[in-house]
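Enquirer: Okay, handing you the structure first.
The values are calculated or read from the model by the stated rules, or taken from the named source; none is laboratory data. Since this is a predicted model, take the numbers as computed values, not measurements. Here the Cβ positions follow ideal geometry from the backbone for every residue, glycine too, while neighbour counts run over all protein chains shown.
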């Protein structure tokens with residue numbers, strides 16, 4: 001089975017399955033930027049933002065935000 005080291009400490013290893021379970025339960029945001037330039041002239045700029053979570057977690061987060069917004073309006 002494959003393991004992931006946490007903080008370069010062998011005693012804090014988790015399996016890939018456990019890591020995936022944590023990401024799906026809590027969610028993760030991945031962001032990145034890419035710039036392609038020639039002669040210091042930017043030709044292409046790409047910005048990426050992705051959210052990785054389970055549908056159930058996303059629904060729970062969305063419902064919580066809607067409820068908070070409704071409370072602020074009242």
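Enquirer: For region 26-56, which positions are at pLDDT 85 or above and part of a helix (DSSP H, G or I)?
Expert: If the condition is that a residue be at pLDDT 85 or above and part of a helix (DSSP H, G or I), then 55, 56 are the ones that fit.
Enquirer: Here's another thing I want to ask about it. Just need a number here: residues in region 11-41 that are at positive phi and surrounded by 11 or more Cβ atoms within 10 Å (Cβ to Cβ).
Expert: 1
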